[in-house]
């Protein structure tokens, strides 16, 4: 079951984001998907499924929207520290 929402967007905002009225539903949907991923509410696979993207397109989408999870950043920092310590041995 899908929910349908209707929102009113000021013309100034439409111009500021450089979207046409016909693009707004998709842009709003992508923003909600990106935020849900960032908050840990949906998985990487779910993002791809919802947006009709393959794994690599999903990665590009999430990077493009800067949808990073805090734990991913911490894990990356830990991995980088480990790699650096291994390189100096």
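Out of the residues in segment 5-17 that are under 21 Å from the mean Cα position of the chain (by Cα) and either over 29 Å from residue 70 (Cβ atoms) or assigned to a helix (DSSP H, G or I) (or both), state the one that is modelled with the highest pLDDT.
Among those that are under 21 Å from the mean Cα position of the chain (by Cα) and either over 29 Å from residue 70 (Cβ atoms) or assigned to a helix (DSSP H, G or I) (or both), it is 16.
If you check every pair at least six apart or on different chains, which have Cβ atoms under 9 Å apart with a residue in segment 11-28 that is in contact (Cβ under 8 Å) with a residue 12 or more places away in the chain first and a residue that is surrounded by fewer than 12 Cβ atoms within 10 Å (Cβ to Cβ) and in a loop (DSSP other than H, G, I, E, B) second?
24/7; 28/5; 28/7
For residues in segment 18-37 being surrounded by fewer than 14 Cβ atoms within 10 Å (Cβ to Cβ) and over 17 Å from the mean Cα position of the chain (by Cα), which is nearest to residue 59 (Cα to Cα)?
The extreme case among them is 23.
Any idea which residue in segment 47-64 is nearest to the chain's Cα centre (by Cα), counting only those that are assigned to a helix (DSSP H, G or I) and surrounded by 14 or more Cβ atoms within 10 Å (Cβ to Cβ)?
Within segment 47-64, the subset assigned to a helix (DSSP H, G or I) is 47-51, 55-64.
Going one step further and asking which of them are surrounded by 14 or more Cβ atoms within 10 Å (Cβ to Cβ), we end up with 47-48, 50-51, 58-59, 61-62.
Numbers: 47: 8, 48: 10, 50: 12, 51: 11, 58: 8, 59: 9, 61: 6, 62: 4 Å.
Checking each candidate, the answer is 62.
State yes or no: is residue 67 in a loop (DSSP other than H, G, I, E, B), modelled with pLDDT of 85 or more and surrounded by 11 or more Cβ atoms within 10 Å (Cβ to Cβ)?
Against the criterion (in a loop (DSSP other than H, G, I, E, B), modelled with pLDDT of 85 or more and surrounded by 11 or more Cβ atoms within 10 Å (Cβ to Cβ)), residue 67 qualifies.
With respect to the numbered conditions (1) modelled with pLDDT of 95 or more; (2) within 10 Å of the chain's Cα centre (by Cα), which one is the sole condition not fulfilled by residue 44?
Residue 44 satisfies every listed condition except (1).
Of (1) touching a helix residue (DSSP H, G or I) at 6+ places or on another chain (Cβ under 7 Å); (2) surrounded by 10 or more Cβ atoms within 10 Å (Cβ to Cβ); (3) in a loop (DSSP other than H, G, I, E, B), residue 40 satisfies all except one. Which?
Unmet for residue 40, out of (1) touching a helix residue (DSSP H, G or I) at 6+ places or on another chain (Cβ under 7 Å); (2) surrounded by 10 or more Cβ atoms within 10 Å (Cβ to Cβ); (3) in a loop (DSSP other than H, G, I, E, B): (1).
Would you confirm, using the coordinates I've provided, whether residue 77 is in a loop (DSSP other than H, G, I, E, B) and at pLDDT below 90?
On the way: in a loop (DSSP other than H, G, I, E, B): no; at pLDDT below 90: yes.
No.
The values are calculated or read from the model by the stated rules, or taken from the named source; none is laboratory data. This one's a predicted model, so the numbers in the text were calculated from it and none came from an experiment. In this analysis, Cβ positions are derived from the backbone assuming ideal geometry, glycine residues included, and neighbour counts consider all displayed protein chains.
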